[in-house]
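The values are calculated or read from the model by the stated rules, or taken from the named source; none is laboratory data. Just so it is clear, the structure is predicted and the values come from calculations on it, not from any experiment. Glycine gets a Cβ as well: all are built from the backbone with ideal geometry, and neighbour counts include every protein chain shown.
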């Protein structure tokens, strides 16, 4: 899959304290290399902390806050794995609004690990799931990936979802 579909796009990465640091940082690097402006969007303003193994990780700057975020301002959404941050997403009405808007508008969306289960629990995703932790599954505009899935495969599938969305818009 050509990553050129991603060039110039903006991704909202919905996070809170306790996101899976290693996966997100590698994903963010590959998105940036593909020409995507990856923006960290959180409940908190300022800095948030990742989770590294069994302890708190580093602090990361937030680019936007959920209460001020509109899906229309972004081309795609990413929800990484991380038990602690997923609890915040589940309990926040602004986060639910943003996720619902991306899915309603069929914007390309990537759910990783527990992010898949979180979206299902909110009845936002159909019953699609990666077969195991290393698998990536894509529909028209939704990519679901196990927490140990290959990040390059996630990016390729997200590029395909972006291409599908562009094709739908052009056909309309």
Worksheet item: surrounded by 14 or more Cβ atoms within 10 Å (Cβ to Cβ), modelled with pLDDT of 85 or more and not in a helix (DSSP H, G or I), is that true of residue 162?
Response: no
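Hand me the list of strands (runs of 3 or more DSSP E) wholly inside segment 11-104 holding 2 or more residues that are in contact with a strand residue (DSSP E or B) (Cβ under 8 Å, 6 or more places away or on another chain) and surrounded by fewer than 17 Cβ atoms within 10 Å (Cβ to Cβ).
Result: 47-52, 55-61.
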Fill in: Where residue 122 falls short, out of the listed (1) without any contact (Cβ under 8 Å) to a residue 60 or more places away in the chain; (2) touching a strand residue (DSSP E or B) at 6+ places or on another chain (Cβ under 9 Å)
(2)
Practice prompt. Spot the failing condition for residue 125; the list is (1) in contact with a helix residue (DSSP H, G or I) (Cβ under 7 Å, 6 or more places away or on another chain); (2) on the phi < 0 side of the Ramachandran plot; (3) at pLDDT 80 or above, and only one is missed.
Written response: (3)
